[in-house]
């Protein structure tokens, strides 16, 4: 996030406005999770911007995406200070967590992040063992859906059911056979958030 390219967005009304960053390494399905969040919000009638960013376009390189969801048209797609962060690995937590807004939400993949992040006391931290839950479900690749489901379950403005309905829109047809396990991962994440969130 280059301050020179930052657009300052002020939400001056009481309308819904949420800036989200999803970040991790290549191969964790970060871009897919962002596309699904954006598509889910769009199908729910929200205004949406979606901006993916790749570090190295190889498995193991960094990846993140910025999603803004609002009731009214969005002037700028750049997220400088997110309301919510889904951090799937330590490097992403270190990079983006310091920018979280006061009162924001951090969903962190505790399967890969051991450290307790030092953040403002108003930031809510939800530690989700996303990789472990994905392995329990039988497919390590759905950790991204577990984390996204946890975010949805915690925030409550969109549901895991709505995300499940949007899955066919963002998954290539050759991957449609994975829709059932992705749906289960979304629901497991949402249930985890409702059970363990403070």
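Every number here is computed from the coordinates shown, using simple stated rules; none is lab data. Note that the structure is a prediction, hence the values are computed from the model and not measured. With ideal geometry, Cβ positions are generated from the backbone for all residues, glycine too; neighbour counts draw on all protein chains shown.
For the pair residue 53 and residue 173, how long in nm is the line joining their label points, each one 7 Å along Cα→Cβ?
Label at residue 53, label at residue 173, 3.5 nm between them.
Of the residues 96, 16, 25, which exhibits the maximal mean-square fluctuation in a Gaussian network model of the chain defined by a 10 Å Cα contact cut-off?
Result: 16 has the largest fluctuation of those listed.
Which of 137, 167 comes first, and how do the rest follow, when ranked by fewest Cβ neighbours within 10 Å?
If I rank by nearby Cβ atoms, fewest first, I get 137, 167.
For the chain, modelled as a Gaussian network with Cα springs under 10 Å, which listed residue fluctuates most, 102, 144, 182?
102
Looking at the chain only, what percent of DSSP beta bridges run antiparallel? Nearest 5 please.
Of all bridge pairs located within the chain, approximately 55 percent are antiparallel.
Is it possible to state the helix-based mean residue ellipticity at 222 nm for the chain, with each DSSP H run of 4+ residues giving -39500 (n - 2.57), the sum divided by total residues, to the nearest 500 deg cm²/dmol? What is it?
Working: 6 runs with 71 residues, N = 198.
After summing the helix terms and dividing by residue count, I get -11000 deg cm²/dmol.
Could you work out how much longer the chain between residue 116 and residue 14 gets when fully extended? Use 0.36 nm per residue separation minus the Cα distance between them, nm to one decimal. Let's see the in-between values first.
Details: separation 102, 0.36 × 102 = 36.72 nm, distance 3.28 nm.
Gain on extension, residue 116 to residue 14, equals 33.4 nm.
Given labels modelled 7 Å from the Cα in the Cβ direction, how far is it in nm from residue 181 to residue 76?
Distance between label points: 4.2 nm.
When only Cα pairs under 8 Å and 6 or more residues apart are kept, what is the percent relative contact order across the chain?
20
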